[in-house]
1. For the condition modelled with pLDDT under 95 and surrounded by 15 or more Cβ atoms within 10 Å (Cβ to Cβ), what is the one hit in D236, D195?
2. Do we find that G132 is assigned by TED's automatic domain parsing to the domain that holds V191 and not in a loop (DSSP other than H, G, I, E, B) in this structure?
3. Quick one: would you say A178 is aliphatic (A, V, I, L, M), outside any loop (DSSP other than H, G, I, E, B), in the same structural domain as T24 (by TED's automatic domain parsing) and surrounded by 16 or more Cβ atoms within 10 Å (Cβ to Cβ)?
4. If I filter segment 119-144 down to residues being over 16 Å from S51 (Cα atoms) and among the small types (G, A, S), which single residue comes out as modelled with the highest pLDDT?
5. With A89, A105 as the choices, which residue is in contact with a helix residue (DSSP H, G or I) (Cβ under 6 Å, 6 or more places away or on another chain), within 20 Å of N7 (Cα to Cα), of a type in the set (G, A, S) and not in a loop (DSSP other than H, G, I, E, B)?
6. Suppose we filter H19, H40 for residues that are over 22 Å from P130 (Cα atoms) and either under 19 Å from the mean Cα position of the chain (by Cα) or not charged (D, E, K, R) (or both); which single one remains?
7. Does R128 qualify as being under 21 Å from H40 (Cβ atoms) and either touching a Phe, Trp or Tyr at 6+ places or on another chain (Cβ under 9 Å) or surrounded by fewer than 17 Cβ atoms within 10 Å (Cβ to Cβ) (or both)?
8. I'd like the residue in segment 27-48 that is charged (D, E, K, R) and out of contact with any Lys or Arg (no Cβ under 6 Å at 6 or more places or on another chain) and, out of all such residues, is farthest from G16 (Cα to Cα).
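The values are calculated or read from the model by the stated rules, or taken from the named source; none is laboratory data. Here the structure is a predicted model, which is why all the values come from computation and not from measurement. Cβ placement follows ideal geometry from the backbone for every residue including glycine, while neighbour counts extend to all protein chains displayed.
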Amino acid sequence: MASFYWNIKSGKKGSGRKHSNYITRTGYHADREDLIAQGHGNLPHWANGASAVFWGMGDKYERSNGAVYREVVVALPNELSTEQYVELARSYAREIAGSKPHEFAVHRPIAAIGGCPQPHAHIMISDRLPDGVERSAEQYFRRYNSVHPELGGCKKDSGGKTRSELAAEVSAKRIAWAETQNAFLERHGHVARVDPRSRAVRGLPPATERHLGPARTRALDAKGKAALTAGRAASD
């Protein structure tokens, strides 16, 4: 069965450009060789089609302690071909971002234990909602003016929402991603399906394997890795 993973986190002022470099494997991350695809959409005119410029201006002009981006990370099904899961990631990035500026990247690292590909997508999304008003980069990230929108910045999508409302949105997005992924798997003739529910809700025992981390993984010899791989296979 295809595995399900969907997670969201926020990136504060000063972290946008650095994280964009990380997911697109540029700058200090250029030596990594797991980047499969990347793209962006809905950038304002002043970004000149460069996502790095957009995130850099967010780092500069967003208010102190404000979120420059939200990042959604999803696992992509190994059952699909590379072209198919890149198509899935690209279409999902457009779907979840809507009209908001966004950038995505697909990575395909190989697991240190077992040697299996682990394709996944990073989707960085600005919380700013374009409204048709032409703004400079500085004004774009100012506080929204509800009376005179042309005098303030773009409204934030999360503005005015309660914790319970935001939590309900996250839950709905997890379910929607599972439905999108399952529909894509079915369309391409695969019987595998994902389930967004926890193991406890599904009546399954908790996963007992301890996360080793990079250092412990590197320390394992061939025999240790083989034993761990066999244990995983037996528990599936």
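1. That would be D195, the only listed residue that is modelled with pLDDT under 95 and surrounded by 15 or more Cβ atoms within 10 Å (Cβ to Cβ).
2. no
3. Details: aliphatic (A, V, I, L, M): yes; outside any loop (DSSP other than H, G, I, E, B): yes; in the same structural domain as T24 (by TED's automatic domain parsing): yes; surrounded by 16 or more Cβ atoms within 10 Å (Cβ to Cβ): yes.
Judged against the criteria, A178 is a match.
4. A121
5. Numbers: A89 fails: in contact with a helix residue (DSSP H, G or I) (Cβ under 6 Å, 6 or more places away or on another chain).
Criteria check complete, one pass: A105.
6. H19
7. Yes.
8. E33
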